[in-house]
Amino acid sequence: KQEVTQIPAALSVPEGENLVLNCSFTDSAIYNLQWFRQDPGKGLTSLLLIQSSQREQTSGRLNASLDKSSGRSTLYIAASQPGDSATYLCAVVNAGGTSYGKLTFGQGTILTVHP
Amino acid sequence: ETGVTQTPRHLVMGMTNKKSLKCEQHLGHNAMYWYKQSAKKPLELMFVYNFKEQTENNSVPSRFSPECPNSSHLFLHLHTLQPEDSALYLCASSQGLRRGPGYEQYFGPGTRLTVT
């Protein structure tokens, strides 16, 4: 059974810092990995999707890397801003079986960026 | 309306009530999903519909009954719920899962359900 772990559970940094969020998964047979952002009481916003054949994706100040063989992904946020404060979720879609489209989520990292 | 919408945004119901959650996607997708997010637990997939056919039921109790009348609409019918069913219920959509599961999922804002 796939399990996704995110470290740290919470992170508090001053504005302007570069930071790294970590995600690991136990079964390396995945189709893709997706990073989401969730603001309090709100739905999820997709940030980046990395297909299993890719090693990284970039969008603005965000860069996500994927090392499928070791079961790890990192989300790098450059020059953090108070508006980046949110919960960041990592999720994978398993390859094989019949569970098409099934995302397995980590518990998230709660990020707070202080002005 | 754009993206994925959900109504109502908040719902309080008693254990003997019957209510329904509605999800609508305006993205031209053919796959829709229900997820449950409880406090201090990871998001859990409940149901998947692909081209209006249910393809996944993640061992969900029968007091939750999904309905997908067309590719744009998804309902979750609720009856005789328990207080532990209180959670944020999220709907998502993606391209149809015809050639593979690796499509990006887009989420709605969720319905905050409280069962009293």
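The values are calculated or read from the model by the stated rules, or taken from the named source; none is laboratory data. None of the values given here were measured: they were computed from a predicted structure. When we count neighbours, we look across all protein chains shown, and the Cβ atoms used for this are built from the backbone with ideal geometry, even at glycine.
Could you count how many residues in region B:3-43 are under 19 Å from residue B:54 (Cα atoms), modelled with pLDDT under 95 and of a type in the set (Gly, Ala, Ser)?
Residues in region B:3-43 being under 19 Å from residue B:54 (Cα atoms), modelled with pLDDT under 95 and of a type in the set (Gly, Ala, Ser): 2 in total.
Determine, yes or no, whether residue A:115 is touching a residue at least 40 places away in the same chain (Cβ under 8 Å), farther than 24 Å from residue B:47 by Cα and in contact with a His (Cβ under 8 Å, 6 or more places away or on another chain).
So residue A:115 fails the test.
Please verify whether residue B:32 is touching a residue at least 40 places away in the same chain (Cβ under 8 Å) and within 13 Å of chain A (Cβ to nearest Cβ), treating the condition exactly as stated.
Yes; evaluated as a whole, the condition is true for this residue.
Looking only at region A:18-43, which residues are within 18 Å of residue A:85 (Cβ to Cβ), part of a strand (DSSP E or B) and in contact with a Pro (Cβ under 9 Å, 6 or more places away or on another chain)?
A:21
Can you name the residue in region B:77-98 that is among the hydroxyl-bearing types (Ser, Thr, Tyr) and surrounded by 15 or more Cβ atoms within 10 Å (Cβ to Cβ) and, of all such residues, is farthest from residue B:113 (Cα to Cα)? Spell out the reasoning first.
In the first step, residues of region B:77-98 are kept if they are among the hydroxyl-bearing types (Ser, Thr, Tyr); the result is B:80, B:86, B:89, B:93-94.
Filter again for surrounded by 15 or more Cβ atoms within 10 Å (Cβ to Cβ), leaving B:86, B:89, B:93-94.
Working: B:86: 5, B:89: 7, B:93: 20, B:94: 24 Å.
The residue in question is B:94.
Confirm whether residue A:34 is within 14 Å of chain B (Cβ to nearest Cβ), polar (S, T, N, Q), within 24 Å of residue B:38 (Cβ to Cβ) and out of contact with any Lys or Arg (no Cβ under 9 Å at 6 or more places or on another chain).
Against the criterion (within 14 Å of chain B (Cβ to nearest Cβ), polar (S, T, N, Q), within 24 Å of residue B:38 (Cβ to Cβ) and out of contact with any Lys or Arg (no Cβ under 9 Å at 6 or more places or on another chain)), residue A:34 qualifies.
Look at region A:95-115 and say how many of its residues are buried (at least 19 other Cβ atoms within 10 Å of the Cβ) and at pLDDT 80 or above.
8
Residues that are free of Cβ contacts under 8 Å to residues at least 24 places away in the same chain and either in contact with a Leu (Cβ under 9 Å, 6 or more places away or on another chain) or farther than 26 Å from residue B:3 by Cβ (or both), at least 1 per element: which strands (runs of 3 or more DSSP E) completely within region A:45-90 meet that?
Hits in region A:45-90: A:56-59, A:62-67.
Considering only region B:12-21, state which residues are buried (at least 16 other Cβ atoms within 10 Å of the Cβ) and within 17 Å of residue B:66 (Cα to Cα). Step through it out loud before you land on a result.
So in region B:12-21, the residues buried (at least 16 other Cβ atoms within 10 Å of the Cβ) come out as B:13, B:19, B:21.
Correct list: B:19, B:21.
For residue A:45, all conditions in the list (1) β-branched (Val, Ile, Thr); (2) in contact with a Lys or Arg (Cβ under 9 Å, 6 or more places away or on another chain); (3) at pLDDT below 90 hold save one; what is the number of the exception?
Condition (3) is where residue A:45 drops out.
For residue A:70, are the conditions met, namely being farther than 21 Å from residue B:43 by Cα, within 14 Å of another protein chain (Cβ to nearest Cβ) and surrounded by fewer than 13 Cβ atoms within 10 Å (Cβ to Cβ)?
no
State whether the residues of region B:66-77 include one that is in contact with a Gly (Cβ under 9 Å, 6 or more places away or on another chain), small (Gly, Ala, Ser) and over 26 Å from residue A:106 (Cα atoms).
yes
Checking the structure you have, find out if any residue of region B:42-56 is hydrophobic (A, V, I, L, M, F, W, C), within 11 Å of chain A (Cβ to nearest Cβ) and part of a loop (DSSP other than H, G, I, E, B).
yes
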